[in-house]
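Asks: Dumping the structure here so I can ask a few things about it.
The values are calculated or read from the model by the stated rules, or taken from the named source; none is laboratory data. Note that the structure is predicted; figures quoted are calculated from it, not measured. With ideal geometry, Cβ positions are generated from the backbone for all residues, glycine too; neighbour counts draw on all protein chains shown. The accessibility values were calculated without ligands, DNA or RNA, using every heavy atom of the protein model including side chains. Shrake-Rupley method; radii C 1.70, N 1.55, O 1.52, S 1.80 Å.
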Amino acid sequence: MRILKYLIFLFLIVTIGFAIYIAIQPDNYKVTRTTVINAPQSVLYNYINDTKEWPNWDPWYEKDPNAQLTYGEKTKGVGATYSWNGEVIGKGEIKTTYSTIDSISQNIHFISPYESSAHDFWKLEPSNQQNATIVTWGIEGELGFMEKAIMLFQGGMENNIGPDFERGLKKLDSLVLADMKKYSISLIGKTEYGGGYYLYQTASSKQNEVDLATNKMFPELGAFMEQNYISPSGTPFTLFEEWDDTNNTAIFSACIPVKEKITTPPGSMILCGYMEPGVYFKTILKGDYVNMDEAWSKTREAIKKNEIAIDPARDAFETYIKSPDEYPNPADLLTEIYIPIIENAERPD
């Protein structure tokens, strides 16, 4: 009997000591993970800011794919809500309280397996690398006695949540990069192009340097038009006057449509031209410009297959309906390709 009393007394001492040990553990916690993702800041923001995108990269939903997800009336920006209920991940809800392109804050209410609240936050900072973003995902909050006991047995909040954050950021990286690479090529075929006046600047370069040249030329055209109070009447386009595959060179013009004929100052590198209305074979590329060569190649193949005659007296061109200036996600870019054709003429052998 005496031994039993000693054992009970020892058990009480150990229990009290363990309780004291739990009680003196920090009440507050903060867990963060940071990575660099090769995507523009605004593109990443759209994926994080929209709660409907979360199941695509959320590490906890991956653990419990049968969990029930419920979205509020608003799913983007301040006031957006999202709740979950699953056997593995428990039950809870999240609400966005602050949202800008570089910072997002959310309140989390965990209902089960135990009830608690936390602050979830994101930071999006431009990286020194071009089109790359430093992404930080974190959570902070307070733990009650029972929560501290549970976390103690599970290795602590850092070891319990940190790997999930790392997994989530990795999945976000893969998802965004894969989506940015999506593209489609649509062969529209014969179409009428209305033509009209345009301001242009001409240059020559190696074929693989055309984009670099036009990236400088279009801003110069835009500045000239702004200084002279000239409004564009259409989307910018590049006119290809010569494409020499033998020497890998090109002569081209960066062009912006205008409503009427413009007389530019003598000696100016910017001139005004006129394109006659005509018939063209049209192709639409939706996606990154890296797929432009494939789009041009498929257009030429279609013209050849359908025995359509190309008009050598007119120049081919591509027009930029959705450009990177307004659409940072390459998958959203929209480009139209026009190759002049001779209507109702047989293709020469």
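Asks: How many percent of the accessible area of the chain is carbon or sulfur, using a 1.4 Å probe?
Replies: On the way: 10610 of 20220 Å².
Looking at the chain in its full context, I get 52 percent from C and S.
Asks: Using only Cα positions of region 213-349, each an equal point scatterer, no hydration layer, compute I(q)/I(0) via Debye at q = 0.11, 0.12, 0.16 Å⁻¹ and quote the log10 values to two decimals.
Replies: With no solvent term, the Cα-only Debye profile gives -0.47, -0.56, -0.97.
Asks: Name the aspartates and glutamates eligible as straight-distance cross-link partners of residue 63: C-alpha to C-alpha under 14 Å, and not fewer than 8 places from it in the same chain.
Replies: 87, 164
Asks: While we're here: So who's got an amide H within less than 5 Å of the one on residue 90, skipping anything under 5 residues away but keeping other chains? H placed 1.01 Å off N, in plane.
Replies: none
Asks: I need the GluC sites (Glu not before Pro) found in region 262-319, filtered to DSSP loop residues with at most 12 other beta carbons within 10 Å of theirs. The partial results should precede the final answer.
Replies: Details: sites: 294, 301, 307, 318; in loops: 307.
For GluC sites (Glu not before Pro) across region 262-319 that sit outside H, G, I, E and B with at most 12 neighbouring Cβ atoms in 10 Å, the list reads 307.
Asks: What whole-number value in Å² describes the accessible area per residue of the chain for a 1.4 Å probe?
Replies: Working: 20220 Å² over 349 residues.
Roughly 58 Å² per residue, with all protein chains present.
Asks: Just tell me which lysines come within less than 16 Å, Cα to Cα, of residue 30; anything on the same chain fewer than 8 places away is out.
Replies: Cα-Cα hits under 16 Å: 123, 148.
Asks: On a 0 to 90° scale, report how tilted helix 210-227 is relative to the longest principal axis of the chain, with both axes built from alpha carbons and the result rounded to the nearest 10.
Replies: 80
Asks: Would you kindly state how much longer the chain becomes between residue 103 and residue 115 on full extension, computed as 0.36 nm times their sequence separation minus their alpha carbon distance, in nm to one decimal? If you can, show how the numbers build up before the last one.
Replies: Numbers: separation 12, 0.36 × 12 = 4.32 nm, distance 2.66 nm.
Length gained between residue 103 and residue 115: 1.7 nm.
Asks: Same structure again: Using Cα atoms only, what is the angle between the long axis of helix 292-305 and the major principal axis of the chain, expressed in degrees (0 to 90) to the nearest 10?
Replies: That works out to roughly 50 degrees.
Asks: So which lysines can residue 298 reach, going by Cα to Cα under 30 Å and dropping same-chain residues fewer than 8 places off?
Replies: Counting by Cα, and skipping residues close in sequence, residue 298 has these lysines nearby: 181, 182, 190, 206, 216, 282, 286, 322.
Asks: When the helices in the chain are scored as -39500 (n - 2.57) per DSSP H run of 4 or longer and the sum is shared across all residues, what 222 nm value do you end up with, to the nearest 500 deg cm²/dmol?
Replies: -9500 deg cm²/dmol
Asks: Right, another one. Going by alpha carbons, how many degrees (0 to 90, nearest 10) lie between the helix axis of 2-23 and the longest principal axis of the chain?
Replies: Between the helix axis and the principal axis of the chain, the angle is about 30 degrees.
Asks: Arrange the residues 33, 167 by how much accessible surface each exposes, largest first, with a 1.4 angstrom probe. Intermediate values should be presented prior to the final figure.
Replies: Details: 33 50, 167 95 Å².
Putting 33, 167 in descending order of accessible area: 167, 33.
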